[in-house]
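See below for the structure under consideration.
The values are calculated or read from the model by the stated rules, or taken from the named source; none is laboratory data. Just so you know, these numbers come straight off a predicted model, no measurement behind them. Here Cβ is always computed from backbone atoms with ideal geometry, including for glycine, and neighbour counts include all displayed protein chains.
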Amino acid sequence: MEEADRHTISAYIDYLQDRRLAAKTINNHLSAVRCFYNYLRVEEGLAITNPVSKGRSLRLAQPLPRHLRDHEVIILFNAIESKRDRAMFMLMLRCGLRVAEVVDLTQDAVDLRHSRLYVYSGKGGKDRVVYLSNDAECALTEYLQIRRPLVKTKKVFLVEKGRCRGKPISVRGIQKRIEHYANESGLDVSCHQLRHTMATQLLNADADLVTIQELLGHTRIKTTQRYCRVSNPKVQRDYQKAMEVIMERTTRTPS
């Protein structure tokens, strides 16, 4: 044990990788070794160096954002008859709202005159402005026209049935609704997937990456850049456009 050093740990990592263990599993092994050596030093009083330095771990692969195809969006919304539910999920799909931001949306944050919403204290405490597409504005307007006007809460989206009728809908309440429509439509879809779909569709429509970052409320552009890895149509268009320029320049007959 006293002879183990960082080279020993590197060899151990190679051994675990040869066994095709996942990076997360290998990190658990490293954490166990680190804790064991800390125990020997602190509890047993052994004068040994911990061979697993603090923070040493393998980089975990980040799953690519999943999004709905255009025809799947149509299938999903064809299954939604409730005006409230259509408005909620349209705000996720067209405005990129997180489910918690839909829950927290208040009437004074809705500016239909200028086709925009104010998102206060989003993730990370950030405020931002998002804009309403024609179909999102139509869905929200239709819901607001039937929303119970005498309730005290300023929250936009309310529970419509049961003992909690008239009270603000919860995150779990919205998640249950999307689960219901997933079963109805036969799609594998979640609330956050609608947000991913918006980002991917905007990128495929040649929207600027910084614009998408602002609309989604991402603190780092690196987070938004993940969508570039799944947005093949835009990559293909950019490639073809660049190749046309290159081919014209390199195949031109010298004068």
(request) Kindly check whether there is at least one residue in the stretch 157-166 that is touching a residue at least 12 places away in the same chain (Cβ under 8 Å) and exposed (fewer than 15 other Cβ atoms within 10 Å of the Cβ). (result) yes
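Listed here are the residues, each with its yes/no results for (1) surrounded by fewer than 16 Cβ atoms within 10 Å (Cβ to Cβ); (2) without any contact (Cβ under 8 Å) to a residue 60 or more places away in the chain; (3) closer than 21 Å to Arg220 by Cα.
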residue: Asn78; (1), (2), (3): yes, no, no
residue: Ser82; (1), (2), (3): yes, no, no
residue: Phe89; (1), (2), (3): no, no, no
residue: Glu101; (1), (2), (3): no, yes, yes
(message) With the structure loaded, tell me whether Leu46 is outside the structural domain of Ser185 (by TED's automatic domain parsing) and either exposed (fewer than 14 other Cβ atoms within 10 Å of the Cβ) or charged (D, E, K, R) (or both) or whether it fails that test.
(response) yes
(request) For the stretch 110-128, enumerate the residues that are free of Cβ contacts under 8 Å to residues at least 24 places away in the same chain and either surrounded by 15 or more Cβ atoms within 10 Å (Cβ to Cβ) or in contact with a helix residue (DSSP H, G or I) (Cβ under 8 Å, 6 or more places away or on another chain) (or both). (result) Ser115, Arg116, Tyr118, Tyr120, Ser121
(message) So if I check each of Leu60, Leu16, Leu68, which one is modelled with pLDDT of 85 or more and closer than 30 Å to Tyr227 by Cβ?
(response) Leu68
(request) Among residues belonging to the stretch 171-200 that are of a type in the set (S, T, N, Q) and either in contact (Cβ under 8 Å) with a residue 12 or more places away in the chain or not in a helix (DSSP H, G or I) (or both), point out the one that is surrounded by the fewest Cβ atoms within 10 Å (Cβ to Cβ). (result) Gln175
(message) Take Leu97 and tell me if it is touching a strand residue (DSSP E or B) at 6+ places or on another chain (Cβ under 9 Å), buried (at least 23 other Cβ atoms within 10 Å of the Cβ) and part of a loop (DSSP other than H, G, I, E, B).
(response) yes
(request) State which residue is nearest to Val33 (Cα to Cα) when the search covers only the stretch 1-23 and only residues that are assigned to a loop (DSSP other than H, G, I, E, B) and among the small types (Gly, Ala, Ser). (result) Ala4
